[in-house]
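The values are calculated or read from the model by the stated rules, or taken from the named source; none is laboratory data. A quick note: this is a predicted structure, and the numbers were derived from the prediction, not measured. Because the Cβ atoms are built from the backbone with ideal geometry, glycine has one as well, and the counts that use them run over all protein chains shown. Please note that ligands, DNA and RNA were not included when accessible areas were found on the heavy atoms of the full protein model with its side chains. Shrake-Rupley method; radii C 1.70, N 1.55, O 1.52, S 1.80 Å.
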Amino acid sequence: MAIQNVPEIFTNIDIAKLDLFVYDFKMSGDAFKSKVNLNLHMFSFLQKGKKHVHFLESSVDISSKQSILIKRGNCLWSEMVDNDEEYYCKLLFFSENRLRDFLKKHNHCTNEVEETPPYFILENDDYIISYLNSLSTISDAPKDFKENILSVKFEELMLYLINKYGKAFESYLQSLTTDDISTFRTIIEKKVFSNLKIEEIAFLCHMSLSTFKRKFIKEYKTTPGKWLQNKRLQRAKELLDDENVKPSDIYLDFGYKNLSNFSAAFKNKFGKSPSLINEVIL
């Protein structure tokens with residue numbers, strides 16, 4: 001799957017010249033695990049549909065009653081229509097320079113940044129609904145007027161969210177101006193039990209697949225495919241042993257496209273079908 005450079009795919013403006021940018025994104029079908037290279041921080045104000053986003057060390061689900069602020073970087077996102085309606089979100093992109101200017105102006109500067117995930121969930125309250133309506137009213141305004149108003153609207157939004165969410169949101173904004181450094185092993189071991197493919201994990205690590213494999217073999221002395229399969233099948237067996245779940249309940253969670261492939265891999269490793277693990281003998 002090709003990598004989507006966002007917001008470049010939505011505009012012809014040079015990314016180096018983009019400071020604030022609004023875009024209405026709509027689609028009529030589902031899109032799963034799109035590889036996204038997000039080059040600006042982004043508010044995704046979800047209006048219709050559902051969204052799931054995988055980050056390097058976490059993932060999150062968003063409903064149409066919520067919105068999300070996402071840190072720039074690589075991520076995988078799935079966007080799904082709900083009840084046969086279209087998928088619709090209003091996207092607001094902003095640069096790191098714009099954020100730093102805001103933090104400096106309002107004295108929200110600190111040397112201590114709390115550990116935060118790469119996203120912040122917002123509730124679509126009355127203010128957010130009104131705010132989005134106001135953005136829509138300036139969509140066709142002359143360029144200079146629109147840029148000036150958008151600058152004011154960005155500051156208004158940030159001040160409102162700081163007032164509503166307090167220190168948690170301030171800490172998140174501070175985290176957007178820092179680069180998180182995680183060890184390779186920490187990243188891998190947080191993705192062990194996800195349903196991500198090896199190439200998707202490599203993308204989130206900002207590596208080509210070949211570079212990722214070389215580094216993995218150096219760290220773990222085996223291939224990522226063998227290592228991940230072993231870990232995931234062992235965890236699947238624990239679930240079947242301890243929680244009395246059915247194989248059909250869990251195969252997708254461990255990256256298998258269908259139950260037969262999961263059953264074959266499971267039997268090859270443990271010598272018996274997963275359906276026999278928790279079978280009750282009367």
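Across the chain, where is the longest run that never hits GluC sites (Glu not before Pro) in a DSSP loop with at most 12 other C-beta atoms within 10 Å?
In short, 116-242.
In terms of Cα to Cα distance under 28 Å, which lysines are near enough to LYS267, apart from those fewer than 8 places away along the same chain?
Filter leaves LYS190, LYS191, LYS197, LYS213, LYS221, LYS226, LYS231, LYS237, LYS246, LYS257.
Just how large is the dipole of the chain about the Cα centre, in debye to the nearest 20, putting +1 at every Lys and Arg Cβ and -1 at every Asp and Glu Cβ? Don't skip to the end; give the middle numbers.
Values: 39 positive and 39 negative charges, 293 e Å.
Dipole about the Cα centre, nearest 20: 1400 debye.
Hey, which lysines would be in cross-link range of LYS50, C-alpha to C-alpha under 20 Å, not counting anything within fewer than 8 residues on its own chain?
Straight-distance partners of LYS50: LYS26, LYS33, LYS35, LYS65, LYS71, LYS90.
I'd like the accessible area for VAL152: 1.4 Å probe, protein heavy atoms, all chains in place, Å² to the nearest 10.
Around 90 Å² of this residue is reachable by solvent.
Which of PHE145, PHE120, PHE203 moves the most in a Gaussian network model of the chain with Cα springs under 10 Å?
Highest fluctuation of the listed residues: PHE145.
Label segment 16-163 by shape, choosing from rounded, prolate and oblate, from the square roots a ≥ b ≥ c of the eigenvalues of the Cα gyration tensor; if a/c is under 1.5 it is rounded, and otherwise prolate applies when a/b is larger than b/c, oblate when it is not. Don't skip to the answer; put the middle values down first.
Values: a/c = 1.66, a/b = 1.18, b/c = 1.40.
Because a/c hits 1.5 or more and a/b fails to exceed b/c, segment 16-163 counts as oblate.
What is the spin-label model distance, in nm, from VAL192 to GLN4 if the labels are put 7 Å beyond Cα along the C-beta direction?
3.2
Would you mind calculating the gained length between ALA264 and LYS65 on full extension (0.36 nm times residue separation, minus the Cα-Cα distance), in nm to one decimal?
67.6 nm
Using Cα-only point scatterers and the Debye equation, what is log10 of I(q)/I(0) for the chain at each q in 0.07, 0.08, 0.13 Å⁻¹, rounded to two decimals?
-0.33, -0.43, -0.98
Which value results when the Cα radius of gyration for segment 102-259 is divided by 2.2 N^0.38 Å?
So the Cα radius of gyration is 1.50 times the expected 2.2 N^0.38 Å.
Please state the shape class of segment 144-236: rounded when a/c is under 1.5, otherwise prolate if a/b exceeds b/c and oblate if not, all from the C-alpha gyration tensor. Mind showing how you got there, number by number?
Details: a/c = 3.30, a/b = 2.52, b/c = 1.31.
It comes out prolate by the Cα gyration axes.
Specify the angular offset, from 0 to 90 degrees and rounded to the nearest 10, of the alpha carbon long axis of helix 143-165 from the longest principal axis of the alpha carbons in the chain.
Relative to the chain, helix 143-165 is tipped by roughly 60 degrees.
Between SER208 and SER78, 0.36 nm times their residue separation minus their Cα-Cα distance comes to what?
Length gained between SER208 and SER78: 44.7 nm.
Taking loop as defined by DSSP and a crowding limit of 13 other beta carbons within 10 Å, which trypsin sites (Lys or Arg not before Pro) in segment 48-150 fit?
LYS65
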